[in-house]
1. Name the single residue, out of those in the stretch 174-206 being touching a strand residue (DSSP E or B) at 6+ places or on another chain (Cβ under 7 Å) and assigned to a helix (DSSP H, G or I), that is surrounded by the fewest Cβ atoms within 10 Å (Cβ to Cβ).
2. Could you count how many residues in the stretch 23-41 are over 18 Å from the mean Cα position of the chain (by Cα) and outside any loop (DSSP other than H, G, I, E, B)?
3. Could you check, for the stretch 23-34, whether at least one of its residues is outside the structural domain of residue 155 (by TED's automatic domain parsing), surrounded by 12 or more Cβ atoms within 10 Å (Cβ to Cβ) and in contact with a helix residue (DSSP H, G or I) (Cβ under 6 Å, 6 or more places away or on another chain)?
């Protein structure tokens, strides 16, 4: 029988259901002759109010992000436009994670907690595929729609309120440690996702439920 210790499983999207955008960032950096993880370094500088943070909260549009990100990059001695970064962020859907979500849904509430942006320019086919996956969750909390982004605790509280959920009875998966810390502080069981196989092994153990 699945574990009765939990009522819900909460999932990040990029880096969990989708492949990590950091892989695409690294390819762009290599193509531009930039040091590995340059984009992560730019986004980690002034993380609550930089271009990326404001874009994910819909405080600026794509044109504004293009300029603001370029300014953030210049401040670190890097020449890179925001539009060029947005153009490569689209991850690949991990079918094994979608199957796991399907199985989890048979026993637990589910929510997707995602920092995302408007004007992604991914194309209609990709957006439809992503939309079909998002439709499987009981609720989806998107930073671009609610004006709050992880790791702000309010983001996680929204999901718990919508699901009528005690945080201590939730499992949360994310690929970034900084986003797991608030969830853990609220009492959630957290899983840091380094890859699909590792994440599924850990989630299977926590839920006592086969997911593949």
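The values are calculated or read from the model by the stated rules, or taken from the named source; none is laboratory data. Bear in mind that the values here come from a model prediction, so they are computed numbers and not experimental data. In this analysis, Cβ positions are derived from the backbone assuming ideal geometry, glycine residues included, and neighbour counts consider all displayed protein chains.
1. 177
2. First, the residues of the stretch 23-41 that are over 18 Å from the mean Cα position of the chain (by Cα): 27-36, 38.
Now drop any that are not outside any loop (DSSP other than H, G, I, E, B), which leaves 27-32, 38.
The total comes to 7.
3. Yes: the stretch 23-34 contains one or more residues that are outside the structural domain of residue 155 (by TED's automatic domain parsing), surrounded by 12 or more Cβ atoms within 10 Å (Cβ to Cβ) and in contact with a helix residue (DSSP H, G or I) (Cβ under 6 Å, 6 or more places away or on another chain).
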